[in-house]
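Have a look at the structure below, then the notes.
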Amino acid sequence: MSEISGAIRERESLCLRLTLSNEVPIRAALLFAEGIFDSECYTVHPNGKESAELNVNFCPAKNVFAELFIKVFAGYSIERQLRVFEVNQVLPRFVTFVQIDQSIAQQKPPECFVSFRLQSRIDQLRLWICENFAFVDEEKLQNEPSLVAESEGNDGGKKLQLYFFCTRNQEMLYINWDLNSGEFQFRHNDIQNVTDLIQSMCANMNVRELRSRAHFPSILANVKNIVESMDERYQVNERLSSEMVERINFVRECVVRAEDMLVIRDFSDARKLYGRLTILNKELIGQKTVRMAARKELLDGLKLLNVSIDQFARLRVGEPSYSLIKECRKAIANDNLEALPKLFEFGV
């Protein structure tokens, strides 16, 4: 009754094809799944000619295993009651990745990559791919090495190469593995997808420790910009704080002097002092706004650093991951932020 397929399109992602064998027109479809839709369910009402076939385009927001619960409402337009059909469809974790040919993949090669050494059996990798990717022919993957481009390398060793297209972000994914040296590489421009791929593969293949090199130029450039501007932001924040303290002292002085003028009934000077207080108050409000904006920029920079630490740590497994987090926190505590980009790329 249900079939899911993937296509390389600019505005669409996955296509769920619903059909009824008794040729009864489909009036509506409800899709329920945990964690892949923005709301609790996804509803489709076909407009136009009545048909027993319905194509539903959707895009899971995250790389998670999900069971899709589908309710199909069918019946002719002249009927007052609709028949309800229910079916379940299991979505693998990386269902948004569609296998493609090398010629298509080379049209938009990824700039970013993660490389590491993997000593394991090729059967384990094939099993992981079959369990976590939807659009791979399992039988051909097992019996026809040519499908996965297992070819003779320049050094005489065998290399395994797979090419996928991510329908969520329209980016290519290369999986390269030199079977002799064990050199493994994910090439993809989305760091979140790569972290999910590495964590899933290592958990499936029982890899407890993994060191890697992570090359993400745009993210590393952002980190360098934050690191270079962090000292300046700290100085601006301190300068604004000291200026605010100085103005607050002026306000206190004016309040005391104005009260003294009122006691001795010197209303003319009291009026001048209260006018000065009004000006100081406006200056304090303006300075407070500037200070809050500067503080927000500082906190946003620190937040981005923490997110980057978590992402680059998840590109490693086991002790290398824990060590990277520890060294990054130590660098921040010791005001050695310049070391972060190198730690992110090469690890500990």
**Message:** Tell me whether region 39-62 contains one or more residues that are touching an Asp or Glu at 6+ places or on another chain (Cβ under 8 Å), modelled with pLDDT of 85 or more and more than 19 Å from ARG168 (Cα to Cα).
**Reply:** no
**Prompt:** Would it be correct to say that GLU209 is surrounded by fewer than 17 Cβ atoms within 10 Å (Cβ to Cβ) and either in contact with a Leu (Cβ under 9 Å, 6 or more places away or on another chain) or more than 23 Å from LYS303 (Cα to Cα) (or both)?
**Reply:** yes
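Name the single residue, out of those in region 71-103 being of a type in the set (Val, Ile, Thr) and farther than 30 Å from ASP190 by Cα, that is nearest to the chain's Cα centre (by Cα). Steps first, answer last, please.
Start the filter on region 71-103 by keeping residues that are of a type in the set (Val, Ile, Thr), which leaves 72, 78, 84, 87, 90, 95-96, 98, 100.
Going one step further and asking which of them are farther than 30 Å from ASP190 by Cα, we end up with 72, 78, 84, 87.
Details: VAL72: 32, ILE78: 47, VAL84: 37, VAL87: 31 Å.
Filtering region 71-103 for residues that are of a type in the set (Val, Ile, Thr) and farther than 30 Å from ASP190 by Cα, the one nearest to the chain's Cα centre (by Cα) comes out as VAL87.
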**Asked** Looking only at helices (runs of 4 or more DSSP H) that fall completely inside region 264-348, which ones have 2 or more residues that are basic (Lys, Arg) and in the same structural domain as PHE113 (by TED's automatic domain parsing)?
**Response** none
**Message:** Would you confirm, using the coordinates I've provided, whether ARG17 is buried (at least 18 other Cβ atoms within 10 Å of the Cβ), basic (Lys, Arg), without any contact (Cβ under 8 Å) to a residue 60 or more places away in the chain and not assigned by TED's automatic domain parsing to the domain that holds MET172?
**Reply:** no
**Item:** When residues of region 72-118 are limited to those that are farther than 24 Å from THR19 by Cβ and of a type in the set (Gly, Ala, Ser), the one surrounded by the fewest Cβ atoms within 10 Å (Cβ to Cβ)
**Value:** SER103
**Item:** Those residues of region 167-182 which are more than 27 Å from GLN119 (Cα to Cα) and either assigned to a strand (DSSP E or B) or free of Cβ contacts under 8 Å to residues at least 40 places away in the same chain (or both), in sequence order
**Value:** ASN169, GLU171
**Prompt:** Conditions: (1) closer than 30 Å to ASP101 by Cβ; (2) not in a loop (DSSP other than H, G, I, E, B). LYS62 meets all but one. Number of the miss?
**Reply:** (2)
**Request:** Considering each of LYS342, LYS330 in turn, give the residue that is surrounded by fewer than 15 Cβ atoms within 10 Å (Cβ to Cβ), of a type outside the set (Ser, Thr, Tyr) and closer than 22 Å to ILE191 by Cα.
**Result:** LYS342
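The values are calculated or read from the model by the stated rules, or taken from the named source; none is laboratory data. Nothing here was measured: the structure is a model prediction, and the numbers come from that model. Reconstructed Cβ throughout: ideal geometry from the backbone, glycine too, with neighbour counts over all protein chains shown.
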